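Take a look at the structure set out below.
The values are calculated or read from the model by the stated rules, or taken from the named source; none is laboratory data. Everything numeric here is computed off the predicted structure, so don't read it as measured data. Cβ placement follows ideal geometry from the backbone for every residue including glycine, while neighbour counts extend to all protein chains displayed.
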Amino acid sequence: MPPMNSHFWRSLEERADTPEFREWLHREFPPLASEWNDEISRRHFLKLMGASFALAGLGACTKQPLEKIVPYVKQPEEIIPGKALHFASAMTLGGYARGIIVESHEGRPTKIEGNPNHPASLGATDVFMQAAVLDLYDPDRSQTVLNAGAISTWENFLSALHDTLQTQQQSGGAGIRILTQTVTSPTLHEQLRAVLAQFPNARWHQWEPVNRDNEHEGARLAFGEVVDTIYHFDKADVIVSLGADFLGEGPAQLRYARDFTNGRRISSGARKMNRLYVAECTPTITGAMADHRFPMRESAIEKFASELAEAFAGNAAASPEIAMISHDLQSGRAIVVVGTQQPPRVHAIAHRMSARDAVSYIAPVEPEPANQLQSLRELVTDMSAGRVELLLMLGGNPAFDAPADFDFAATLDCVKLRVHLGGYVNETAVLCHWHVPEAHFLESWSDARAFDGTTSLVQPLIEPLFGGKTAHEFLATMLGISNPSSYEIVRDHWRRNRLDDNAWRAALQNGVIAGTTGKTRAVASVVEKIEAATMRVSPLEINFRADPSIYDGRFATNAWLQELPKPLTKLTWDNAVLISPQTASRLDLRTDDIVTLQCGSRKIEGAVFILPGHGDDAVTVHLGYGRSNGHIAANLGFNAYAIRTSDALSFSNDVTISKTNRQHVLATTQHHHSVEGRNILRVASLNDFVANQKIIRAMGAEPPRDESLYRPEEHQNKTYAWAMAIDLHTCIGCNACVIACVAENNIPVVGKEEVARGREMHWIRIDRYYDGAAENPATYFQPLPCMHCENAPCELVCPVAATVHDSEGLNVQVYNRCIGTRYCSNNCPYKVRRFNFLEYDVNQFESPTTLKLARNPNVTVRSRGVMEKCTYCVQRISAARIEAEKENRRIRDGEVVTACAQACPAEAIIFGDINDPNSHVSKLKKLPLNYSMLGELNTRPRTTYLARLTNRNT
Amino acid sequence: MNESAKEAQLGYPTQLIGERDSYESATRQIGSIVLDQKQPRSWLIGFTIAFIGVMLLMVAISYLFFKGVGIWGINIPIAWGFAIVNFVWWIGIGHAGTLISAFLLLMHQKWRNSINRFAEAMTIFAVACAGLFPLLHLGRPWVFYWLLPYPDTMGLWPQFRSPLVWDVFAVSTYFTVSLIFWYAGLIPDFATLRDRAEKRWKQIVFGVLSLGWRGSARHWARYESAYVLLAGLATPLVVSVHSVVSLDFSVGIVPGWHSTIFPPYFVAGAIYSGFAMVLTLMIPVRRIYHLENMITDRHINNMANVMFATGWMVAYGYIMEAFMSWFSGNRYDAFMMSNRFAGPYAHTFWVLILCNILVPQALWSRRVRDNHVVLWLISIVINIGMWLERYVIVIVSLHRDFVPSAWSMYGGTKWDYAMLLGSMGLFVALIYLFVRFLPMISIAEVRTLISEREEGTL
């Protein structure tokens, strides 16, 4: 210690400078200083310093990220960090609402579930609802107002709009056209009417490429008025679908799936079930559930319907099949349901055959159900005549999805001022003078009606991430309201419609507005007999259908949906020209061959996919692919809209096909379609099962449980024993469980190339098997999550014990411990394990910006080189356990619902505790229908299946 | 009786050592390759090509560490691909050395004496190549040491029921014992080289390596007993290593893996491929370095015979596998076998049968065994066949197992091939270095043969 230079003293002791003080100073300040006096100690000190410098150097190896922590200075009301909040809202598809409950973590919506109170959901979801969360955070979403492609502001847009509106004021808005998608929102309708009142000569048009025109026109033909038909599948004994995919499409899809499967559920103890006949061209999941399926050209269905109606009316049947169906139709409560793609005449024919107690009618849910094709045609006519000076497009993508003969994109040029409100800068937006980003529905206030008229409020979970505007705000500015708020607009509307504050709050809480369900009305047939039109028969027919994963193209930007294997083809990231095996061999086509499809002078090229069960002499193309804009959407598949014309929106006989010599690799997730006679999938007829309930178990024996070297009680789960039962009989193969799992468990997207290599990451997959002749095979679905085997083969072979059993029977994967030998996957007979072959989580599809916000904070994000698999949603079990332990009770049956089970519209997946003999899952597992897949391997899977039964008319 | 008369009587070459070879000539002939002989031009060319292979391996490994095992063709369900095929192939090749040196020593087979050194070196290099793959194939190779039972702060141990842990012990033990055995055999030769070296640094290097060997009778007595003990230790390893490697498969429940015949069948296959590789290397080396007097026709003939015999054991394994898959009545096994015969990878199976069973039948003929060009080609065919055998076992079994929906196809990527070629480059480069820097034939043991010949006890 150097001597003190200062003559200031710090204490009396220092001033006194006693030896004690000197000693204290040496020891106390600065540390180790006095050690310098001693030579040996100094060396010791240098050693220590050297070591600590070395350690300091080590610390420098990992650069600590600069992070700012901002805690809640004042905790917001209702928010407990780490605890999710749930809000009821609604999501629309094609204008119709399905009720949802949104899970929100610290202000971030992360997961969407169905709203059990909502008639179109009943707690279930479809794939689009599950995937909507990803759209919310999609960095590819439109983020700024664009003026001719350049960044601009909302204010600039408003002044430009108001200038045009001023000039239009004199002519009563004769040059103003508003183009919306299907509108069911009462508030939006009111606003539109207000705008039209202010500009009496303006016009409002509606257009969606997949619309309900045919249904509405069919009702008009049958009853003289437009009504919406509500089917009560749970009350029907016989269902005939004429091209209707009521389980997979349409505003009531989830409800119908529940009702239909309730009419079939044998696990409830019933010994009878409904019977489904399906006549269709494009194989659908409804066709896969059929007891009798008749593949035919879409254009032949009209004749089929007429013949059926003839036989139903008591005339001679044209064929034994018709006689069989007609007889069945007359013997019980029947529903004849027609696909939206069928012409109005077929709808009218069908209305005459449905039993009145299984079908009801309500006034149309849409406030103004326009014939959308007609509506768009008028708009295009006006546009090309130069009568349109201001075109406001509220959502939609008409430049992409309008009929090809309308040439909408080119006609847009005739409009002086084109404005587009939309979530993405799509094909239409780039042709507009102004583009305004639209708020996502999770950022918006609105309202919407369900298929049965029930109205829901749409409430925001988060401030608009990219400053989007809602259609309500957009229209309000047209009415001259400055700084409009969607909330005020919607609240005002409902205040005027007698919704007081309590009722409003209740509506927000329940997700539905009480008393808004459409009233059943009586209808009377106005025609005696509908003459079937004669259809020109050509060598080939083409069908245009909405895509099962990306719908009409609006979800093409969604990577979760792109990677979702389509229910029947198991295709990802592409559409294809679907064709039957016989027609393919007639035309010498193989899967992956590129063909040219020509309709009139228009042609497209697409890859062929041979699909068993497709109608012969016909092809199907799915809409929505071939987008030219968007980070994810562009350059996938081909654009089927390019040959879809207004005279043949659904199917056309005017098509030729020619083979090119090129190929395009399609990525499917399933390459083999037969069970090879293995008993992994068990099917029996209802009659056989009722006669002998042991037939399911007799299809494959399991070793008895006491045949073991270990004491059987040694590894029993003392507290809970989690297990799952999957009802193959009611599974409709809709994929909701797959994508629910993706959303819940932070499952990465791997992209087309990785899927083609066989590296998709889905923890639950739906296997689709065919049985019988390729022209009309029986189709079966089998969802396959981890089996959570009690004798898990994967656990035995892991060299580092990274996959082990927990005390409640879960086969858990310890990501931190996994070194990635992949031996467990090889030894898994079910092949349900998924491996991070590359660093999937930061790949190009999930840029590390906003998409991170979509993640479930309760599920680990996995790194490269680690195995992963279904956990039975262990995070949900933990959450339930915490709640139960707080209340000092056991977890109740039904308290833990896995993401897949929650999403399932058919309630085909049941999860629970088999230590509780009264739990739903325990009861299901006691049924004679229950069997273990590959049980003969003595794996003792905790996930078991209930066999599928068929109800053929014999 | 001279050698040619004996040969005519017995019907196979009998000579073990050249008739004019003396202590001095043998020592000079072998030692000079290491100490002063200029290497033939082919050495430089061959080593350059092999070294390019080593560089290829380095590039492939670097990219692998950078990107992950996804650069390979593996997927679900075929989660093991080239890496495991290569591993088993190299380990199999690494079986001939210890068999020749240890097993044949205990059996008093004198014909091992002039080939054991080379075979042992080949073993070590092959095991080194093999050892790379289990580490490289890990999803997270940087935590490979979790496979070892070390005192982890969290009290975690490897999971000892997994055959992969047994593999770690089996392969590392085998490598260690083989290395020690090889080194022990080299000690007297190092001393010889030390004594013959003229440059100072060579004297020092070989002096250090020879561990103070002076060649006293006591040294030799200790040495001989130690060598036999080591041989006793190594001999069971010949059987155990590939048995344990085979358990990686037979413990699994995959049809085509789950089979009790695997351990003996794998060992036979390993010796088969090991002898094939020894022949592949020894025939050209013998020609290039003019070692026909020490590695005689009898050696080559004997090795061909061993190879042929083990080839039939392998064939028996194939037949039993096919028989049992039918006899067991197991639907999955039966399908697996019909899939091998006629599935999408049937060509690999039939080429394997051609390489491993049909072509080697030519070895019935003495003329084929004596024609070293043909024998060399057959040994290469067998090497290819044995690689395909592992391909069929690993990949063809995995690609179609229990649940048809999961069935898929596999194909190696360019990185898979880079790893395979690179490992071959490493192996060959090490062989080249070995030939150049170490005595490739045991000088001491050849001298033993010469002395026995002179005493007439050979």
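Yes/no matrix, rows are residues, columns are (1) part of a helix (DSSP H, G or I); (2) touching a residue at least 40 places away in the same chain (Cβ under 8 Å):
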{"residue": "B:PRO255", "(1), (2)": "no, yes"}
{"residue": "B:TYR265", "(1), (2)": "yes, yes"}
{"residue": "B:TYR272", "(1), (2)": "yes, yes"}
{"residue": "B:ILE283", "(1), (2)": "yes, yes"}
{"residue": "B:ARG286", "(1), (2)": "yes, no"}
{"residue": "B:MET294", "(1), (2)": "no, yes"}
{"residue": "B:MET307", "(1), (2)": "yes, yes"}
{"residue": "B:THR310", "(1), (2)": "yes, yes"}
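Give the residues of region A:826-840 that are of a type outside the set (S, T, N, Q) and either within 7 Å of chain B (Cβ to nearest Cβ) or assigned to a loop (DSSP other than H, G, I, E, B) (or both), sorted by residue number.
The answer is A:CYS828, A:PRO829, A:TYR830, A:LYS831, A:VAL832, A:ARG833, A:ARG834, A:PHE835, A:PHE837, A:LEU838, A:GLU839.
For a quick check of your reading of the model, give me the residue pairs whose first member lies in region A:672-692 and is at the interface with chain B (Cβ under 7 Å from one of its Cβ atoms), whose second is part of a loop (DSSP other than H, G, I, E, B) and of a type in the set (Lys, Arg), with beta-carbon atoms closer than 8 Å and at least 6 apart or on different chains.
If the second residue must be part of a loop (DSSP other than H, G, I, E, B) and of a type in the set (Lys, Arg), the pairs left are A:HIS672/B:ARG400.
Is it the case that B:ILE93 is at pLDDT below 95, closer than 30 Å to B:LYS67 by Cβ, more than 14 Å from chain A (Cβ to nearest Cβ) and surrounded by 17 or more Cβ atoms within 10 Å (Cβ to Cβ)?
yes
Could you say whether any residue in region B:384-404 is within 14 Å of chain A (Cβ to nearest Cβ) and among the aromatic types (Phe, Trp, Tyr)?
Taking every residue of region B:384-404 in turn, at least one turns out to be within 14 Å of chain A (Cβ to nearest Cβ) and among the aromatic types (Phe, Trp, Tyr).
Report yes if some residue within region A:872-885 is within 28 Å of A:LEU136 (Cβ to Cβ), of a type outside the set (Val, Ile, Thr) and not in a helix (DSSP H, G or I); otherwise report no.
Among the residues of region A:872-885, at least one is within 28 Å of A:LEU136 (Cβ to Cβ), of a type outside the set (Val, Ile, Thr) and not in a helix (DSSP H, G or I), which makes the answer yes.
List every residue pair whose Cβ atoms lie under 7 Å apart, where the two residues are 6 or more positions apart in sequence or sit on different chains, the first residue falls within region A:253-269 and is without any contact (Cβ under 8 Å) to a residue 60 or more places away in the chain, and the second residue, located anywhere, is among the polar types (S, T, N, Q).
A:GLY263/A:ASN274
If I filter region A:736-749 for residues that are within 14 Å of chain B (Cβ to nearest Cβ) and assigned to a helix (DSSP H, G or I), do I get at least one hit?
Yes, that holds for at least one residue.
If only one of A:VAL336, A:VAL388 is part of a strand (DSSP E or B) and at pLDDT 90 or above, which one is it?
A:VAL336
Among B:ILE84, B:ILE100, which is in a helix (DSSP H, G or I), away from chain A (no Cβ under 14 Å) and not small (Gly, Ala, Ser)?
B:ILE100 is the lone residue from the list that is in a helix (DSSP H, G or I), away from chain A (no Cβ under 14 Å) and not small (Gly, Ala, Ser).
Return the total of residues in region A:245-277 being in a loop (DSSP other than H, G, I, E, B) and either touching a helix residue (DSSP H, G or I) at 6+ places or on another chain (Cβ under 9 Å) or under 20 Å from A:PHE128 (Cα atoms) (or both).
Of the residues in region A:245-277, 16 are in a loop (DSSP other than H, G, I, E, B) and either touching a helix residue (DSSP H, G or I) at 6+ places or on another chain (Cβ under 9 Å) or under 20 Å from A:PHE128 (Cα atoms) (or both).
May I ask you to list the residues in region B:247-276 that are of a type outside the set (Phe, Trp, Tyr) and within 14 Å of chain A (Cβ to nearest Cβ)?
Across region B:247-276, the qualifying residues are B:LEU247, B:ASP248, B:SER250, B:VAL251, B:GLY252, B:ILE253, B:VAL254, B:PRO255, B:GLY256, B:HIS258.
Scan region A:794-817 residue by residue and report those that are surrounded by fewer than 20 Cβ atoms within 10 Å (Cβ to Cβ) and within 13 Å of another protein chain (Cβ to nearest Cβ).
A:LEU796, A:ALA801, A:VAL804, A:HIS805, A:VAL814, A:TYR815, A:ASN816, A:ARG817
Could you please let me know if B:ILE204 is in a helix (DSSP H, G or I) and without any contact (Cβ under 8 Å) to a residue 12 or more places away in the chain?
yes
Across region A:91-123, what is the number of residues that are assigned to a strand (DSSP E or B) and within 14 Å of A:LEU254 (Cα to Cα)?
10
Against the condition of a type in the set (Ser, Thr, Tyr), touching a Lys or Arg at 6+ places or on another chain (Cβ under 9 Å) and in the same structural domain as A:SER185 (by TED's automatic domain parsing), how does A:THR381 come out, does it pass?
Here the answer is yes, as A:THR381 does meet what is asked.
Looking at A:VAL278, A:VAL240, which one is crowded, with 23+ Cβ neighbours inside 10 Å and either on the phi > 0 side of the Ramachandran plot or touching a Gly at 6+ places or on another chain (Cβ under 6 Å) (or both)?
A:VAL278
Every residue in region A:750-770 that is assigned to a loop (DSSP other than H, G, I, E, B) and of a type in the set (A, V, I, L, M, F, W, C), please.
A:VAL750, A:MET761, A:TRP763, A:ILE764
Given the criteria farther than 30 Å from B:THR27 by Cα and surrounded by 17 or more Cβ atoms within 10 Å (Cβ to Cβ), does B:TRP146 qualify?
So B:TRP146 passes the test.
Which residue out of B:ILE52, B:ILE45 is without any contact (Cβ under 8 Å) to a residue 40 or more places away in the chain and more than 19 Å from B:ASP248 (Cα to Cα)?
None of the other options fit; the residue is B:ILE45.
Among the residues of region B:103-141, what is the count of those that are among the hydrophobic types (A, V, I, L, M, F, W, C) and assigned to a loop (DSSP other than H, G, I, E, B)?
3
Given B:GLU19, B:GLU24, B:GLU7, which one is in contact with a Pro (Cβ under 8 Å, 6 or more places away or on another chain) and acidic (Asp, Glu)?
Only one candidate passes the filter, namely B:GLU7.
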